[in-house]
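Everything below concerns the one structure shown next.
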Amino acid sequence: MRPGATASRGGAGGSPSRAPGEERALTSVAAGDRYAREQQDRQREGERGTRQAHDGRGRPADLPRLWHITLRVSGTGTPLQEVRRGLEQLAHDHPFLLTSRYADDHAEIRYWEEARDLHDAAAVALRLWGEHRQSAQLPPWEIVGLEVIDRETYHQRLAEGYGPPPATPVGVHPF
């Protein structure tokens with residue numbers, strides 16, 4: 001029990017019991033300014049008709065979208081077996097990774113990320129290598145390239161015959 005609180009209902013030392021059938025008085029807590037503003041905003045939206053913020057393609061702006069990420073890292077030479085093992089561990093820990101290509105001094109990781117907008121997708125991608133460097137025993141390389149494109153752009157590039165080739169075969173492969 002938290003300090004200053006009374007004993008539980010019905011127990012010794014608590015508030016007096018109500019007679020059978022007696023109504024319990026209810027009290028409320030003020031909702032606050034934020035709640036009042038939100039209620040006013042909802043009322044105004046209702047008066048204008050339901051409006052929702054949309055992105056440039058007519059979708060609600062706050063829904064998550066798929067983003068194709070290509071992350072490139074580079075650094076000092078590391079034995080190929082260690083690089084491969086680290087990338088395989090990363091793929092095992094995070095099965096969303098599509099494909100990884102590697103050499104002894106650089107690697108490329110490609111995957112799909114779900115995020116509200118490009119800024120969120122890029123922020124997650126920029127943290128990926130550093131956050132998993134120890135757990136996957138990745139080389140101490142730095143990020144040297146990042147590409148984030150939306151799903152429609154990715155498919156448009158493929159249809160037009162340019163852009164990143166499809167991520168096949170899936171897995172970890174040498175360059």
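List, please: which pairs have Cβ atoms under 6 Å, are six or more places apart or on different chains, and start with a residue in segment 112-128 that is within 18 Å of L90 (Cα to Cα) and end with one that is open to solvent by less than 70 Å² (accessible area, probe 1.4 Å) and assigned to a helix (DSSP H, G or I)?
So the pair list comes out as E113/A121; E113/V124.
Count, please, the residues in segment 94-111 that happen to be exposed (fewer than 12 other Cβ atoms within 10 Å of the Cβ) and either touching a residue at least 12 places away in the same chain (Cβ under 8 Å) or under 13 Å from V73 (Cβ atoms) (or both).
1
Looking at segment 94-115, can you tell me whether even one residue there is under 18 Å from the mean Cα position of the chain (by Cα), among the small types (G, A, S) and in a strand (DSSP E or B)?
Yes.
Give the number of residues within segment 116-144 that are assigned to a strand (DSSP E or B) and in contact with a helix residue (DSSP H, G or I) (Cβ under 9 Å, 6 or more places away or on another chain).
Counting residues in segment 116-144 that are assigned to a strand (DSSP E or B) and in contact with a helix residue (DSSP H, G or I) (Cβ under 9 Å, 6 or more places away or on another chain) gives 2.
Filter segment 65-83 down to the residues that are under 26 Å from the mean Cα position of the chain (by Cα) and open to solvent by 20 Å² or more (accessible area, probe 1.4 Å) and list them by number.
Across segment 65-83, the qualifying residues are R65, L66, R72, S74.
Here's a check for you: in segment 131-162, which residue that is under 11 Å from V73 (Cβ atoms) and not β-branched (V, I, T) is modelled with the lowest pLDDT?
So the residue we want is R133.
Any residue in segment 91-105 that is of a type in the set (A, V, I, L, M, F, W, C) and at pLDDT 95 or above?
Within segment 91-105 (the criterion being of a type in the set (A, V, I, L, M, F, W, C) and at pLDDT 95 or above), the answer is yes, since at least one residue qualifies.
Go over the candidates G21, G14 one by one and state the one that is at pLDDT below 70, open to solvent by less than 50 Å² (accessible area, probe 1.4 Å) and assigned to a loop (DSSP other than H, G, I, E, B).
G14
Tell me yes or no: at least one residue of segment 138-153 is in contact (Cβ under 8 Å) with a residue 12 or more places away in the chain, open to solvent by less than 20 Å² (accessible area, probe 1.4 Å) and either closer than 13 Å to W67 by Cβ or touching a Cys at 6+ places or on another chain (Cβ under 9 Å) (or both).
Looking for residues that are in contact (Cβ under 8 Å) with a residue 12 or more places away in the chain, open to solvent by less than 20 Å² (accessible area, probe 1.4 Å) and either closer than 13 Å to W67 by Cβ or touching a Cys at 6+ places or on another chain (Cβ under 9 Å) (or both), one finds at least one in segment 138-153, hence yes.
The values are calculated or read from the model by the stated rules, or taken from the named source; none is laboratory data. Only a predicted model underlies this, so the values are computations on that prediction, with no experimental measurement involved. Quick reminder, even Gly has a Cβ in these numbers, built from the backbone with ideal geometry, and neighbours come from all protein chains shown. With ligands, DNA and RNA removed, areas are computed over all heavy atoms of the protein, side chains included. Shrake-Rupley method; radii C 1.70, N 1.55, O 1.52, S 1.80 Å.
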